[in-house]
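Below is one structure; the comments refer to it alone.
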Amino acid sequence: MKNIFLLVGLLFSHIIFAQYNYPSTPEKAVVDDYFGTKITDNYRWMEDLKSPEVQSWFKNQAEYSHNMIDKIPHRENLFNRMKEVQKMSGDSFEIIQQRQGLYFYTKTKKSENLSKLYSRDLSTGKETLIFDPRTLGKNTQITNFTVDSKGKKIAILFSKSGGEICNLRILDLTTKKLLADEIGPIWSEFTFEFTQDDKAIMYTKMSTADPDSNMLLKDMKAMLHIIGTDVKTDKILASREDYPELNALTEQFTSVYFTDDYKYVVLRLSSVKSESPIFIAPYSELTKKKINWKQIVKPSDDITDIFISGDKLFLLTHKDAPNYKITLTSLLKPDFNNAKTVVPESKDAVIISIHNSKNYLYYSLGNGIIRDKYQVNINTLARKKADFPTGVNSSLSLNPRENDNIYCYNVNWLTPLTTYEYNPEKGKIIKSKYFNSESNYPDYNKLYTVKEVEVKSHDGIMVPLSIMYPKNIKMNGDNPAYITGYGGYGISYEPYFSARLSVLMEQGVVIAVAHVRGGGEKGEEWHKAGMKANKPNTWKDFIACSEYLVNQKYTSPSKLIGNGVSMGGVLIGRAITERPDLFAVAIAEVGMTNALRSETTANGPNQIPEIGTIQNEEDAKHLLEMDAQSKVKKGVKYPAVIVRTGMNDSRIVPWEPGKFAAVLQKNSGSEKPVLLYVNYENGHFTSDVDVVFKEYSDIFAFALWQVGHPDYQPKENTK
């Protein structure tokens, strides 16, 4: 009886919404010739985000989408349930640092939507609220912070409404007031730290704060700001223009930091390519007019990270080791070919990352599902596994200049995050007294099943697939299923607990994560197998995993929801343009769906190492294949699609998702809705949990409507 009701509900919803009077979208053809292949782009005009016509179009699309979504019942139930699940965990903690006997951290209380900055005295246990970002305006968020050596000043990075163009302020902990210094603009991910005497801050400055400028993420400068002076007098430590000898590319980021002993300043010319040029200079060079940088690592060395301890140079490298190894050489006379192997390559797992405390180097060894934590004594090179609970264990040091204390986050698909503290000298792993709140989650392992399988892809390669589902469902093809993937930059899609996805599972939805090529689950070779010419493997792996769910009767094409975020826009965009029959719904979130035009954006040149350049004939051929927008054909029966964009997004500019929604609205022959979900309070992401939950309650309600879930069928006509 239930199956008949589902079918009737689905048919009824399609009758109600048989026609969609989308906001008018003019077509203004621009024809590009990509080395002999001509592509017509009817929506190039949208790329001028300052145009009143474009701004009006986005507002009309936002209003249209929200009016339609508002007709879907029970969205508020999804939102409220996400909030309930969030509160089950109690308060959540983000950035944590230690200075002498004090912890400093950001915390989001279970009843609040944004984090605030706190301290805790370890001798008394007393917690003190240090700073509430709302004092700087309603939508102000703390993005990052660092504390000076004596715990007297805190440099805090602030952003607005999910934007990533930030400003740095300095809080005097004695007076509890912000100093007059306003440093920026600074990108959200860039490091900054106090000098050894705490009188200055080293940081990376963006060339502009204009989010629509093509120079937004180009020609950045490493700077030194003396606290209390005019930022206009800040000293340039490294830049493409002032230091031509660095041979820096305009899109490379001049990222700088100090070694723990303050003996050296380290400069990385960073990008999405992990193998960056790395330079060092003695700390004393800061007093000179110009820094004398010495290059110690070239991209061709296949080194992705380093750690310097005195004259010891530790290297994380995939040179002749696709699963990575850790080696050691001299900093003053580096010899990579004869470097000592400290941690050999593993055949069954990948060395994912390294970080250090005062006397130890830590590394993560993982296979995409489990990540174990190991330690290396910097002096003796003795290795040992730190026996954290099974799961994904990610750690950071509390203060590597002072001690060996680290904290570790442990999480699984069905196990919410738990924080542990550890000191190798003491040898005990302790559940953190201060960074875990009392939680009252149900036992998800009793409610849901997790299966880890491997699926044969189009070329015979076996692709890992994680599947989670309620224990009581029947494998008859009638279940809604949600499958997501990423496949970029060598980033592994590891297990994590999601309040959003747990709520989706409560609706009887199967959740699946495809660990497609382009990620790092199986090392550097897995990454390379999803780059440039090999990028089709990413969406073909995703299609194979989606077919597996159908063939094994977890779901059926009329119930299957596909999702991709950011670089995952290539994955979901090309999956539905190659196999539109396989999915009922596609959710494309802040996605790269117009790869042919990506390079014209501020963040575009930074993507060249991963996807190639449109200026090169061979790369252009592959970008043509990745470009979902140009693959949309008139009259093809595409799935229902909801395209999400944040108007403060500087990574994937809003016109890219906007154009994808427009071409689908114009050409889809399925009579299924295509909505552009526009959020003016968000960027690529946001730390405001209310904004996040509102977005996903709307998006999930749309998806559940389209797969025929009886609780989400509108009863009101909308055109």
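Readers should treat all values here as calculations from the given coordinates under stated rules, not as data from a laboratory. Everything numeric here is computed off the predicted structure, so don't read it as measured data. Cβ coordinates were reconstructed from backbone atoms using ideal geometry, including for glycine residues, and neighbour counts include every protein chain displayed.
Placing pseudo-labels 7 Å out from each Cα toward the beta carbon at Thr175 and Lys385 gives an inter-label distance of 5.4 nm. A straight line joining the Cα centroids of the stretch 262-296 and the stretch 644-703 runs 40 Å. Packing order of peptides 681-690, 124-133, highest average first: 681-690, 124-133 (average count of other Cβ atoms within 10 Å over each peptide's residues). Over all other residues within a Cβ to Cβ distance under 12 Å of Asp387, the charged ones net out to +3, with Lys and Arg as +1 and Asp and Glu as -1. Ordering Thr208, Pro557, Gln61 by the projection of their Cα atoms onto the charge dipole of the chain, which places +1 on the Cβ of Lys and Arg and -1 on the Cβ of Asp and Glu, puts Pro557 at the extreme positive end.
For the listed peptides 523-530, 25-32, 308-315, a ranking on the average number of other beta carbons within 10 Å per residue, highest first, reads 523-530, 308-315, 25-32. Computed from backbone phi with θ = phi - 60° and the Karplus coefficients 6.51, -1.76 and 1.60, the 3J(HN,Hα) list for the stretch 619-626 is 4, 4, 4, 6, 5, 4, 6, 6 Hz; x is used for glycine and proline.
For the stretch 312-438, the ratio of Cα radius of gyration to the globular rule of thumb 2.2 N^0.38 Å stands at 1.10. For the stretch 518-602, the gyration tensor built on C-alpha atoms gives an oblate shape. Its axis ratio a/c (a ≥ b ≥ c) is at least 1.5, and a/b is not larger than b/c. Between Asp404 and Lys358, the built amide H atoms are under 5 Å apart, and every one of these is 5 or more places off in sequence or on another chain. Let me check I've understood the local charge: for Leu361, count other residues with C-beta under 12 angstrom from its C-beta, Lys and Arg +1, Asp and Glu -1. What total comes out? Net charge around Leu361: +2.
If we count every other residue with Cβ under 14 angstrom of Thr317's Cβ, Lys/Arg +1 and Asp/Glu -1, where does the sum land? Every neighbour counted, the sum reads -4. Annotation: amide H of Ala200 within the under-5 Å range of Thr195, Ile227, sequence separation 5 or more or interchain, hydrogens built in the peptide plane.
In terms of packing, defined here as the mean over residues of other Cβ atoms within 10 angstrom, the peptides 601-614, 504-517 line up highest first as 504-517, 601-614.
The phi torsions of the stretch 22-38, fed into the Karplus equation with coefficients 6.51, -1.76 and 1.60 and a -60° offset, translate into couplings of 4, x, 4, 10, x, 10, 10, 5, 10, 9, 10, 10, 9, 6, x, 9, 9 Hz, rounded to whole numbers, with Gly and Pro shown as x.
From the residues Leu365, Ile354, Leu332, which one has its Cα farthest along the dipole of the stretch 312-438 in the positive direction, the dipole being from +1 and -1 charges on Cβ of Lys/Arg and Asp/Glu about the Cα centre? So the residue we want is Leu332. Taken one residue at a time, the phi angles of the stretch 530-539 give Karplus couplings (6.51, -1.76, 1.60, θ = phi - 60°) of x, 10, 6, 4, 8, 4, x, 4, 4, 7 Hz. Gly and Pro are set to x. Magnitude of the charge dipole for the chain, about its Cα centre and with charges confined to Cβ atoms of Lys, Arg (+1) and Asp, Glu (-1), is about 1100 debye. Near the amide H of Val455, within less than 5 Å, lie the amide hydrogens of Val463, Leu465, all on another chain or at least 5 residues away, with H placed in the peptide plane.
Only one residue of Ser502, Asn667, Pro277 has its Cα farthest out toward the positive end of the dipole of the chain, where Lys and Arg carry +1 and Asp and Glu -1 on Cβ, and that residue is Ser502. With 31 Å as the limit, the listed pairs Lys559/Lys715; Lys126/Lys325; Lys110/Lys221 have Lys126/Lys325; Lys110/Lys221 beyond it between alpha carbons. Annotation: lysines with alpha-carbon distance below 16 angstrom to Lys456 (same-chain offsets under eight excluded): Lys522, Lys540. A helix-only calculation puts the chain at -6000 deg cm²/dmol for mean residue ellipticity at 222 nm, using -39500 (n - 2.57) for each DSSP H run of at least four residues, averaged over all residues. Candidate cross-link partners of Lys50 among the lysines, defined by an alpha-carbon separation under 22 Å and a same-chain spacing of 8 or more, comprise Lys28, Lys59, Lys160, Lys218, Lys659. The convex hull built on the alpha-carbon positions of the chain has an orientation-averaged projected area of 30.3 nm².
Taking label points 7 Å from Cα along the Cα-to-Cβ direction, Met475 and Asn403 give a separation of 5.0 nm. Could you state the number of Å between the C-alpha centres of the stretch 174-248 and the stretch 305-330? Going from one Cα centre to the other spans 29 Å.
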